[in-house]
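The structure appears right after this line, and notes come after that.
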Amino acid sequence: MKFWVGILVVLPVFLQAPWVHFYPLSALLFTFVLLAIGIWLVQYCGQEWSIIGSLIVGVSGSWLGGCLFWGWLRMHPVLHLPVEAVAMPLAFVGLSTKWRIGAGFYLSCLLGTAFTDLMMALTGVMSSWPQVVSAPIDKAAQILNQTSLQLFTIPIFLGISIAASLIIFLSDQMNQRGKIASLSGSAWLVAGTALTTTLWVDGLFLATTLIQPKLSGLI
């Protein structure tokens, strides 16, 4: 299950981001394809596929928020987290139903997004956000590359390290709770894995920015 969770966290970085950049409407409509697949797997397939189906339903919530923001509202970074949280009420309700795994996945990814946005704001990276998303890809890559250099200061490096340590701690607590919980155990394990994976995705994005700035302009 951890493999599928990791794949479904990383997927938007390489598929959704460039897709919504060029074709936002079709990317948005794909939300309903994901939702339909997830519901079908839960309703009509076996237990193993039911778990994957619930995960896909959770992914559809993250996909919807990502498409809405990156497709039409990306010039307003302050709206990023609220728009990504569009499915949060349904996710909280889902925690007490058979959809708890998907709900846990979505809420954990949302928590990871909150950490990312907070660190972007504290490090000053968010101030460059409107310039990056409104510039051509090559120019956006240059801005990202220049902005990333300001991360190499001791206070900012310490702040990022503290945030990363907190994510690892919370993820470990989720995993520990998942091992002792009965009915909701799988949801906690999924949430812990998803949160840890968001940390690796952020690290991947930073590494991509430094190594291949043109690619980072798409993700």
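The values are calculated or read from the model by the stated rules, or taken from the named source; none is laboratory data. Here the structure is a predicted model, which is why all the values come from computation and not from measurement. Here Cβ is always computed from backbone atoms with ideal geometry, including for glycine, and neighbour counts include all displayed protein chains.
Structural remarks
- Count - residues of the range 25-38 that are crowded, with 17+ Cβ neighbours inside 10 Å and free of Cβ contacts under 8 Å to residues at least 60 places away in the same chain: 6
- Summed over the range 15-24, the residues that are surrounded by 13 or more Cβ atoms within 10 Å (Cβ to Cβ), part of a helix (DSSP H, G or I) and without any contact (Cβ under 8 Å) to a residue 40 or more places away in the chain give a count of 2.
Each row is one residue, and each column tells you yes or no for (1) surrounded by 20 or more Cβ atoms within 10 Å (Cβ to Cβ); (2) under 16 Å from the mean Cα position of the chain (by Cα); (3) under 21 Å from residue 204 (Cβ atoms); (4) among the β-branched types (Val, Ile, Thr).
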| site | (1), (2), (3), (4) |
| --- | --- |
| 2 | no, yes, yes, no |
| 40 | no, no, no, no |
| 61 | yes, yes, no, no |
| 73 | no, no, no, no |
| 100 | yes, no, no, no |
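- Helices (runs of 4 or more DSSP H) lying entirely in the range 136-219 (those with 3 or more residues that are at pLDDT 80 or above): 154-180, 185-211
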